[in-house]
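Input: a single structure, listed below in structure tokens.
We did not get these values from a lab; they are worked out from the coordinates using the rules stated. Worth saying up front: this structure is predicted, and the values here are computed from it rather than measured. Cβ: placed from backbone, ideal geometry, glycine included. Neighbour counts: every protein chain shown.
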Amino acid sequence: MSIAIVQFGGSNCDLDVLHVLRDVVGVDAELVWYKEEDLDRFDGIVIPGGFSYGDYLRAGAIAARTPVMNSVRKQVQDGKPVIGICNGFQVLTESGLLDGALTTNNYPKFRCEPTYLRVETTDTPFTSAFRRGDVLRIPIAHMEGNFYADEPTLARVEDNGQVAFRYVDKNGRVTDEANPNGSQENIAGIVNMQRNVLGMMPHPERASEDVLGSADGLKVFRSMVDYISSR
């Protein structure tokens with residue numbers, strides 16, 4: 001098993017993900033530069049956080065148009081699991097691989113702080129190790145994490161059970177105060193219709209070891225690895 005971690009100019013969470021996959025989860029992982037055009041040798045893909053190309057134009061817009069994303073699309077069509085974290089989520093929406101868009105936080109400042117998430121579905125390759133309703137403590141670090149979709153798209157995402165995570169308080173309640181960026185319906189992460197692509201704004205790689213204050217994010221990666229093993 002081998003998992004690709006895609007690097008763009010401005011990625012800054014790539015080595016964190018590499019450490020979690022290699023040293024904590026214990027699987028082979030490889031950093032892959034954005035010019036790569038063939039990802040067939042990999043069993044899964046992570047698009048990590050950062051500020052690809054300085055977030056010029058829109059966050060993720062330039063990265064979404066690099067050669068490697070054509071290969072990412074092919075891997076998605078082949079059923080392989082793909083996770084986009086923070087800037088990676090933005091890249092996936094800009095690529096059309098996920099619905100909606102990530103816009104500027106309702107308070108237009110960079111926010112870096114712990115948040116609580118509620119697991120909304122376990123029927124994905126990324127959440128199977130959780131129980132529905134589990135509350136996780138995972139940090140955010142973004143200025144453009146405000147999830148937006150038009151009403152028909154949002155209704156479809158909700159009706160199809162594509163919401164993977166919501167921002168909640170520590171007791172698991174959906175409140176305005178628990179929403180750090182103004183995301184519609186407190187959405188923190190979604191999957192595609194086929195359920196093999198996940199985008200999430202919080203950083204599970206920064207909550208994958210107890211020494212970091214939380215290991216709640218580790219199950220996201222373990223779920224992905226279990227899914228790959230079962231294919």
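Close amide H pairs (under 5 Å, H built 1.01 Å from N) link VAL168 with TYR116, LEU117, ARG118, residues at least 5 positions away or on another chain. Treating cross-link reach as a plain straight distance, find the lysines whose alpha-carbon is under 23 Å from the alpha-carbon of LYS80, omitting any fewer than eight places away in the same chain. List returned: LYS35, LYS219.
Sort HIS19, HIS203 by Cβ crowding within 10 Å, fewest neighbours at the top. Walk me through the intermediate numbers first.
Details: HIS19 15, HIS203 23.
Neighbour counts put them in this order, fewest first: HIS19, HIS203.
Helix content alone sets the calculated 222 nm mean residue ellipticity of the chain: runs of n ≥ 4 DSSP H residues at -39500 (n - 2.57) each, divided across all residues, give -6000 deg cm²/dmol.
Remark: spin-label model distance ARG73-ARG231 equals 1.9 nm, labels positioned 7 Å along the Cα→Cβ axis.
Mind checking the full-extension length gain between ASN106 and HIS19? Use 0.36 nm per residue of separation minus the Cα-Cα distance, one decimal, nm. Each step should come with its number before you reach the end.
Numbers: separation 87, 0.36 × 87 = 31.32 nm, distance 3.28 nm.
Stretched fully, the ASN106-HIS19 segment lengthens by 28.0 nm.
Using the Cβ-Cβ distance between GLU113 and ASN12 with R0 = 22 Å, the FRET efficiency computed as 1/(1 + (r/R0)^6) comes to roughly 0.80. Semi-axis lengths, largest first, of the ellipsoid equivalent to the chain are 23, 20, 17 Å, with √(5λ) applied to each eigenvalue of the Cα gyration tensor. Relative contact order of the chain, taken over Cα pairs closer than 8 Å and 6 or more residues apart, is 20 percent.
For trypsin sites (Lys or Arg not before Pro), the sites in the stretch 1-86 that DSSP calls loop and that have at most 13 other Cβ atoms within 10 Å are LYS35, ARG41. Taking 0.36 nm per residue of sequence separation and removing the Cα-Cα distance, the GLN184/ARG65 pair yields an extension gain of 40.2 nm. If you average the C-alpha positions of the stretch 40-79 and of the stretch 12-32 separately, how far apart do those two centres end up, in angstrom? Using only Cα atoms, the two centres lie 17 Å from each other.
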